[in-house]
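What follows is a short report on a single structure.
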Amino acid sequence: MFLTPGTPEGAYERAAAAFGHGMIGVLIFGLVMCLRRGSPAWTGAAAAGLAYALTWELAQIAFAGSSIADSAIDAAAVLCGAIIAACLWARSLPFIFIAATVLAFLGTLAPKEQDHDR
């Protein structure tokens with residue numbers, strides 16, 4: 001996965017990839033909240049999204065040739081998943097609809113592939 005980044009071809013595959021990245025956000029959020037007990041849920045969501053974007057996606061751009069657009073979509077989907085988890089944690093249920101709608105929208109995006117001469 002790390003060394004072979006790419007945009008899924010079909011609509012179903014893109015949606016599945018977005019929701020899969022959302023679940024990564026849920027998992028990272030849970031880890032952050034376990035390590036930082038007592039932290040506000042929203043800072044946990046921000047920390048989860050930043051941790052993923054600054055580690056995995058930047059490394060994929062730098063070392064594996066991922067496109068910036070694809071990495072941005074993936075990182076945004078992870079952040080949406082972390083926000084959904086934060087909404088559940090803080091019992092702010094109406095905001096889940098907004099985050100889930102954004103996540104579903106991200107699943108419709110297909111960035112143009114870049115040519116990488118490496």
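The values are calculated or read from the model by the stated rules, or taken from the named source; none is laboratory data. Just so you know, these numbers come straight off a predicted model, no measurement behind them. With ideal geometry, Cβ positions are generated from the backbone for all residues, glycine too; neighbour counts draw on all protein chains shown. Heavy atoms of the whole protein, side chains included, go into the accessibility calculation; ligands, DNA and RNA do not. Shrake-Rupley method; radii C 1.70, N 1.55, O 1.52, S 1.80 Å.
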With a sphere of radius 12 Å drawn around the Cβ of residue 21, what net charge do the other residues whose Cβ falls strictly inside it have (Lys, Arg +1; Asp, Glu -1)?
-2
Once neighbouring chains are kept in place and the probe is 1.4 Å, which whole percent of the accessible area of the chain is contributed by carbon and sulfur?
71
Under DSSP H, which helices of the chain have Cα atoms covering 18 Å or more of the helix axis and a Kyte-Doolittle average no less than 0.5?
11-35, 68-90, 94-106
Three-way shape call for the chain based on the alpha-carbon gyration tensor, with the a/c threshold at 1.5:
oblate
Using only helices, what value at 222 nm comes out for the chain when you add -39,500 (n - 2.57) per DSSP H run of length 4 or more and divide by the total residues, to the nearest 500 deg cm²/dmol?
-21000 deg cm²/dmol
Once you put a point 7 Å from the Cα of residue 36 and another 7 Å from the Cα of residue 108, both along the Cβ direction, what distance in nm separates them?
3.3
Added length on full extension, which subtracts the Cα-Cα distance from 0.36 nm per residue, residue 98 to residue 27:
23.6 nm
Rounded to the nearest 0.05, what FRET efficiency do residue 9 and residue 69 give with R0 = 22 Å and r taken as the Cβ-Cβ distance? Could you check?
0.90
Highest mean packing first, using Cβ neighbours within 10 angstrom, the peptides 31-38, 84-91 sort as 84-91, 31-38
Regression test value, accessible area per residue of the stretch 8-103, probe 1.4 Å, units Å², expected 54
Sorted by chain and then number, the residues having a modelled amide H within less than 5 Å of the amide H of residue 66, at least 5 places away or on another chain, are 61
